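To start, the structure under review is shown below, and the notes come after it.
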Amino acid sequence: MGKPTGFLEYQRLSEAYEPVAERLKKYKEFVLRLSDEQAAVQGARCMDCGIPFCNNGCPVNNIIPDWNDLVYRNQWKEAIEVLHSTNNFPEFTGRICPAPCEAACTLNINSDAVGIKSIEHAIIDKAWEEGWVQPRPAAAKTGKKVAVVGSGPAGLAAAQQLARVGHDVTVFEKNTRIGGLLRYGIPDFKMEKGLIDRRMAQMEAEGVRFRTGVIVGSDTAAPGIANDAKEFVSAEALQKEFDAVILAAGSEVPRDLPVPGRELGGVHFALEFLIPQNKAVAGDGPNPISAEGKHVVVIGGGDTGSDCVGTSNRHGAASVTQFELMPMPPEQENKALTWPYWPIKMRTSSSHEEGCERDFAVATKEFFGKDGKVTGLKAVRLEWKDGRMAEIAGSEFEVKADLVFFAMGFTNPLGKLLESFGVEKDARGNAKATTDGAGCYATSAPKVFAAGDVRRGQSLVVWAIREGRQCAREVDQFLMGETVLPR
Ligand SMILES: Cc1cc2nc3c(=O)[nH]c(=O)nc-3n(C[C@H](O)[C@H](O)[C@H](O)COP(=O)(O)OP(=O)(O)OC[C@H]3O[C@@H](n4cnc5c(N)ncnc54)[C@H](O)[C@@H]3O)c2cc1C
Ligand code: SF4
């Protein structure tokens, strides 16, 4: 695949970023896509390695060597066909996937991996520009009706697959706009929202109906969870009207930190900051939380924490500090031990590069403040002792903070939704359903299926797409007794 000697001749070329000073002035994307010529050279680095571990490392099993080869040979239209055969939304993953495929690339053993994600980005953006991405409505209708609850990547992928084989699909979304965390969690500077609107238009042309501002199962969400709903539909009504229901409602309950001072003003869950920011960028009203001139502390690493860092810097924060409970990981992984798996190593996001003090192995003990507002926090350093984390005596310290964001992950989906459908939960409170074998993705409730974060717990966009696609196949099989949809 690619050029047999390409990996010996060409170096990896990563996508360039606009300078920090420029990108901090706006909420727009700042990653500069490879030119066609650059992408072709990068595709040429894909060697004929025999067993493409990248294909297995990618959760949607993108057929990476084939499209690398096609890009190298300037056959872009064929490349997007191969890419779309496994991934409904490469414009999302080509921007925000952490690219486990690259960790699994054979070239990564003793050199730099093929820049798979940047080639994916180049293929799909060119395809849209050339007008090659068109609606693909079903040739015939089945007369079967499917409801999808939640419009994140899992719900969208399931809906698109099912509409394309002729089912009448309606997507219910409690918020004003579709996209789930793609729309309201992930900031525009990582992924602009016009990309979702464009796909939504394609899906509408394929027959998918979107009902936004409608909450299913329970007429209220829990405190701190985004809910713009003006309409409520009960689980019974949905089960009566539709032949199958897919729950793709995400995992929205955020992990809290119930230490003294938690109730102080200025201490927020990350999404209480990020959702209004995405709405503000879309022109849907101002963000009530401003980080301008403030000392911001983000508690928790990961994507959510990074997004709080990047957004705070764009607001003009006086300082941004990020605490991580775990110790600082090594700069470089030991590839002999980790390849082809996702290694634990120090990862510096583009938001970190824009300005952030990072502190590891730190636990927050208490928030303190004045007149009901947070002014700082007390923390302690941690060390691993006998396989357990322990506080280091005498290591307590204080940090100034006018704003604190909790980015410690999400514990489970909204219980009330699952309970309303009578769906059995797993030990973590997620919808219980398997992903392999007969009856996979089916929940304990009749004709109710589950896919994405609502089933697997908080995860990644690419995993949500995979589950949405695989779940659609199971639903089609359930409705028709046979299916042509891929797994
Ligand atoms: C801030 C942040 C940044 C992230 N960054 C990345 C990243 O860079 N890369 C990456 O791969 N992953 C990232 N993730 C994770 C990723 O966004 C999720 O794993 C993914 O969106 C899950 O998709 P989903 O379709 O299962 O659920 P979601 O995207 O959560 O969508 C679920 C939808 O269901 C709706 N819903 C819930 N209950 C109901 C109801 N009762 N009635 C109607 N609608 C309902 C919700 O409003 C929501 O729109 C990030 C997550 C966060 C929070
Ligand atoms: S979806 Fe993610 S893992 Fe798969 S090829 Fe694209 S960047 Fe790699």
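Only the coordinates and a few stated rules stand behind these numbers; no lab work does. It should be emphasised that the depicted structure is a prediction, and the values quoted were computed from it without experimental measurement. FYI the Cβ positions are ideal-geometry reconstructions off the backbone, even for glycines, and counts take in every protein chain you see.
General remarks:
- When the alpha-carbon atoms of segment 183-318 are used, the pair Rg, Dmax equals 17.7, 55 angstrom.
- Its residue count N fixes a reference of 2.2 N^0.38 Å for segment 315-450, and the Cα radius of gyration divided by that reference is 1.48.
- Cβ charges +1 (Lys, Arg) and -1 (Asp, Glu), total dipole of segment 1-60, debye: 240
- Selected from 196, 401, 171, residue furthest toward positive end of dipole (the chain; charges at beta carbon): 171
- Taking other residues whose beta carbon is less than 14 angstrom from the beta carbon of residue 9, and scoring Lys, Arg as +1 and Asp, Glu as -1, yields +2.
- If you look at the Cα atoms of segment 1-86, you get an Rg and a Dmax of 15.0, 46 Å.
- Cα-centred dipole magnitude for the chain, charges only on beta-carbon of K, R (+1) and D, E (-1), debye, nearest 20: 560
- Convex hull volume of the C-alpha atoms in the chain, normalised per residue: 157 Å³.
- The Kirkwood radius of segment 1-153, taken over pairs of alpha-carbon atoms, gives through the Stokes-Einstein law at 37 °C and 0.692 mPa s a diffusion coefficient of 197 µm² s⁻¹.
- Estimated D of segment 78-153 in µm² per second, where Rh is the Kirkwood radius over Cα pairs and Stokes-Einstein applies at 20 °C, 1.002 mPa s: 144
- Plainly put, segment 125-186 has a radius of gyration that is 1.04 times its Kirkwood radius, both from alpha-carbon atoms, as the Rg/Rh ratio.
- Virtual spin-label span in nm between residue 255 and residue 395, 7 Å along Cα→Cβ: 1.8
- Dipole moment magnitude, nearest 20 debye, segment 353-403 about Cα centre, only Lys, Arg, Asp, Glu C-beta charged: 220
- In the chain, taking the dipole from charged Cβ atoms about the Cα centre, the farthest positive-side position among 108, 470, 79 is held by 470.
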